[in-house]
């Protein structure tokens, strides 16, 4: 697998306990929305048994000049070093991998079920769909505990405004602990929530990304609702 040494372009707090960052995109780096890459810290000042490499979904769209990533911050050596990297520091990125990409048939809607930082592959897909005005009917159900924890909300709403085929349905599961007001959906994504926003549960292609427990629960819910297993695709975000 090819690897490229590139520089950190920018980093910021994307949401509470969530780090967003841009790295340079190598000229020969070509990827499809929804793919992922391995990032490796070079000569980090500390390390642990988990090593210096982590796998991240690429959150940027292919048309963007840099590669965007986002991650929940945990108290690990990798995350501590990553958060403290100065702008211009070198980091290694692998070639893109994975097949968690949008199906080609625009007659089949795409339903995205995202939990927390599982939004990253969908963010890439939605940005590109907005720019290209893709004809697919896309619905994103996006679950977080609170608005404070929700990454990319402003950009997602802008994408939906740019392409009327995109609809964003965020839901919050722990609003009593939020400092904000919220007028949207609350509670976990379930069959009832899907039924309120979809004309039919059968027919679309479903994509699930989030913690393993969320992915398992969504898959079970869809199968019990009679969704064809061939129309369910998933990607687990374990440990963030």
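The values are calculated or read from the model by the stated rules, or taken from the named source; none is laboratory data. Computed from a predicted structure; not experimentally measured. Note: ideal-geometry Cβ built from the backbone for every residue, glycine included; neighbour counts use all protein chains shown.
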_As an exercise: evaluate residue 197 against (1) in contact with a helix residue (DSSP H, G or I) (Cβ under 9 Å, 6 or more places away or on another chain); (2) loosely packed, with under 14 Cβ neighbours inside 10 Å and give the number of the one condition it does not meet._
(1)
_Can you tell me which residue is nearest to residue 110 (Cα to Cα) among those in the stretch 207-218 that are touching a helix residue (DSSP H, G or I) at 6+ places or on another chain (Cβ under 6 Å) and at pLDDT 95 or above?_
208
*Does at least one position in the stretch 84-101 carry a residue that is at pLDDT below 95 and either assigned to a strand (DSSP E or B) or farther than 30 Å from residue 193 by Cα (or both)?*
no
*If you take the residues of the stretch 59-76 that are in a loop (DSSP other than H, G, I, E, B) and touching a strand residue (DSSP E or B) at 6+ places or on another chain (Cβ under 6 Å), which of them is surrounded by the most Cβ atoms within 10 Å (Cβ to Cβ)?*
59
_Total residues in the stretch 126-141, condition part of a helix (DSSP H, G or I) and within 21 Å of residue 185 (Cβ to Cβ)_ = 1
*How many of the residues making up the stretch 5-35 are surrounded by fewer than 18 Cβ atoms within 10 Å (Cβ to Cβ), farther than 30 Å from residue 145 by Cβ and in contact with a strand residue (DSSP E or B) (Cβ under 7 Å, 6 or more places away or on another chain)?*
3
*Test residue 31 against the criterion of being assigned to a loop (DSSP other than H, G, I, E, B), under 20 Å from the mean Cα position of the chain (by Cα) and assigned by TED's automatic domain parsing to the domain that holds residue 77, and give yes or no.*
yes
_Kindly evaluate residue 228 against the criterion of being at pLDDT below 95, surrounded by fewer than 19 Cβ atoms within 10 Å (Cβ to Cβ) and out of contact with any strand residue (DSSP E or B) (no Cβ under 9 Å at 6 or more places or on another chain)._
no
*Could you tell me whether any residue of the stretch 77-88 is touching a residue at least 24 places away in the same chain (Cβ under 8 Å), out of contact with any strand residue (DSSP E or B) (no Cβ under 8 Å at 6 or more places or on another chain) and outside the structural domain of residue 185 (by TED's automatic domain parsing)?*
yes
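With respect to residue 210, is the statement that it is in the same structural domain as residue 118 (by TED's automatic domain parsing) and surrounded by fewer than 18 Cβ atoms within 10 Å (Cβ to Cβ) true? Reasoning before the result, please.
Numbers: in the same structural domain as residue 118 (by TED's automatic domain parsing): yes; surrounded by fewer than 18 Cβ atoms within 10 Å (Cβ to Cβ): no.
For residue 210, the condition - in the same structural domain as residue 118 (by TED's automatic domain parsing) and surrounded by fewer than 18 Cβ atoms within 10 Å (Cβ to Cβ) - is not met.
With the structure loaded, tell me whether residue 45 is out of contact with any strand residue (DSSP E or B) (no Cβ under 9 Å at 6 or more places or on another chain), assigned to a loop (DSSP other than H, G, I, E, B) and surrounded by 13 or more Cβ atoms within 10 Å (Cβ to Cβ) or whether it fails that test. So that I can check it myself, show each step before the final result.
On the way: out of contact with any strand residue (DSSP E or B) (no Cβ under 9 Å at 6 or more places or on another chain): yes; assigned to a loop (DSSP other than H, G, I, E, B): yes; surrounded by 13 or more Cβ atoms within 10 Å (Cβ to Cβ): no.
In short, no.
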